[in-house]
Amino acid sequence: MKPFPLGDMPLETFLSEYWQKKPLLIRNGLPHLDSPVAPDVLAGLACEEGVESRLLIQGKTEQEWELKHGPFNDEIFSQLPESHWTLLVQAVDHWIPEAGILLNLFDFIPRWRIDDLMISYASDGGGVGPHFDNYDVFLVQTSGKRKWEIGDIYDETAPLRPDMPVSMLNKFEAIETWILEAGDILYLPPGVGHNGIAEGNDCMTCSVGFRAPSHSEILREYTDYVGLNLSEALRYEDPDLIAQSNTGEITQQTLEKIQDILRKYTEDKELISQWFGRFVTTPKYQQADPLESEGSENTYLIEDLKSHLASGGILVRNESSRFAFEVKADKNILFVDGYCFDPGDRDDYDINELIEILCTEIELSDESFIQTDDNLNLLLKFLQSGAIYLAES
Ligand code: SIN
Ligand code: CO
């Protein structure tokens, strides 16, 4: 059974008392957890093109703080001072399977809400300064020690320190201070000010970040999706137009017609559901081919898939691919990497079950699902795009 990071705390208690409400320190939440990457592997990742990484080197004065963006190289790492620097690497789960496994331990929260795993490695005294984030985060200490100062709740009106290369609160007072050691976890809801300072070297912290799309993002993305699929022939109409005393006026009737048009699309549950699954499964850093594109470099046949599974091989979800499903009229609609797969009207228990498994398990073996033609064809589609790949168990 996989470890449960909340320890003895029932999930219901966490959700009702802490989630999106207040910080929680979980001592020894993941006691036997190894860091998903060794420090040199993390540094190597930060040297790769396409991986988002930052180095924050603290000076004695604000003007001396230095922020560098990756990709880095050996020379940069060899010139680092003895202490007071932090390396931060985004979305490590997209590149390192072990990081994906750690992220998956937090799937007691709906998966579409889980964003990615950022890993920081700090020397003594290293940190990014007091700040707040707009999302929930579990900060998992995987090696070394970090002192966490927890403050009040802040929002975008909070003054930030000028001349700093990263967002840092101008005024920050710790209400609580905790020292986290390997295996300890700190949960923070959005807006809570925090300041993490490495105590000694070899301080590695994994941040399990959650996504909460902004209203602006939701509106813009949804209207883009809807707009792109509408015919240009659909237009504002006014066959009921009546003479106006001043034709310079935009009348209330006109505004009501505009509101009706907007309402028509914002109240269309079907359209919202088609868009949302696509939206939340669109990968941040896509490695697989888009599923709707023609032609792929991977040319597998059903026979390849069958023989791979029969010989004990497994299917693994691409680390960067996102899977989610919606239940609609007793069938499961699958979304993968921004693509929608509807199993049709068929009352096909096996394919509905496979969809659920695909959205839960990172790896599939021949024992995980029934090998019907429809199931194998669905998996083949994802194999061709690279959303799943073949591996040895
Ligand atoms: C860190 O890991 O150093 C920073 C994480 C955070 O404060 O969000
Ligand atoms: Co933070």
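The values are calculated or read from the model by the stated rules, or taken from the named source; none is laboratory data. Just so it is clear, the model here is predicted, and its values are computed rather than measured. So basically every Cβ, Gly included, is an ideal-geometry build from the backbone, and we count neighbours across all protein chains shown. Only protein heavy atoms, including side chains, enter the accessible area calculation; ligands, DNA and RNA are left aside. Shrake-Rupley method; radii C 1.70, N 1.55, O 1.52, S 1.80 Å.
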Solvent-accessible area per residue for region 311-356 at a 1.4 Å probe radius, Å²?
42 Å²
Mean shadow of the chain, computed from the convex hull of its alpha carbons, in nm²?
26.5 nm²
Ranked from the most accessible area to the least, with a 1.4 Å probe and all protein chains present, what is the order of HIS84, HIS194?
HIS84, HIS194
What distance in nm separates the two pseudo spin-label positions at SER231 and ALA38, each 7 Å out from Cα along the beta-carbon direction?
6.3 nm
What FRET efficiency do you get for ASP224 and THR247 if R0 is 41 Å and r is their Cβ-Cβ distance, rounded to the nearest 0.05?
0.80
Under a Cβ-Cβ cut-off of 13 Å, what is the net charge of the residues other than SER216 that fall near it, where Lys and Arg count +1 and Asp and Glu count -1?
-3
Could you order LEU390, LEU379 so the one with the most accessible surface comes first? Probe is 1.4 Å.
LEU390, LEU379
Sequence of HIS131, HIS32 from largest to smallest accessible area, 1.4 Å probe:
HIS32, HIS131
Leaving ligands, DNA and RNA out of it, report the carbon-plus-sulfur percent of the accessible area of the chain at a 1.4 Å probe.
50 percent
LYS257: which lysines have alpha carbons under 28 Å from its alpha carbon, excluding same-chain residues fewer than 8 sequence positions away?
LYS269
To the nearest Å², the heavy-atom accessible area per residue of region 139-220 with 1.4 Å probe amounts to 47 Å²
Determine the alpha carbon to alpha carbon distance for each of LYS68/LYS284; LYS22/LYS264; LYS2/LYS171; LYS68/LYS381; LYS264/LYS381 and list only those over 30 Å.
LYS22/LYS264; LYS2/LYS171; LYS68/LYS381; LYS264/LYS381
Within-13-Å neighbourhood charge of ALA91 [Cβ basis; K, R +1; D, E -1]
-2
Which semi-axis lengths, in whole Å and largest first, follow from the square roots of five times the eigenvalues of the Cα gyration tensor of region 11-210?
25, 22, 15
Per-residue SASA entry for LEU241, accessible area with 1.4 Å probe, Å² rounded to 10
120 Å²
Using the Karplus equation 6.51 cos²θ - 1.76 cosθ + 1.60 (θ = phi - 60°), what ³J(HN,Hα) coupling, rounded to whole Hz, does each residue of region 182-198 give in order, writing x for Gly and Pro?
3, x, 7, 9, 10, 9, 10, x, x, x, 6, x, 8, 9, x, 10, 5
Here the FRET efficiency for GLU353 versus ASN73, based on Cβ atoms and R0 = 45 Å and rounded to 0.05, is 0.40
TYR265 to ASP240: FRET efficiency via 1/(1 + (r/R0)^6), r the Cβ-Cβ distance, R0 25 Å, to the nearest 0.05?
0.70
With the cut-off at 1.5 for a/c, could you classify region 90-137 from its C-alpha gyration tensor as rounded, prolate or oblate?
oblate
For LYS60, which aspartates and glutamates qualify as cross-link partners when the Cα separation must be under 17 Å and same-chain residues fewer than eight apart are set aside?
GLU82, ASP124, ASP163
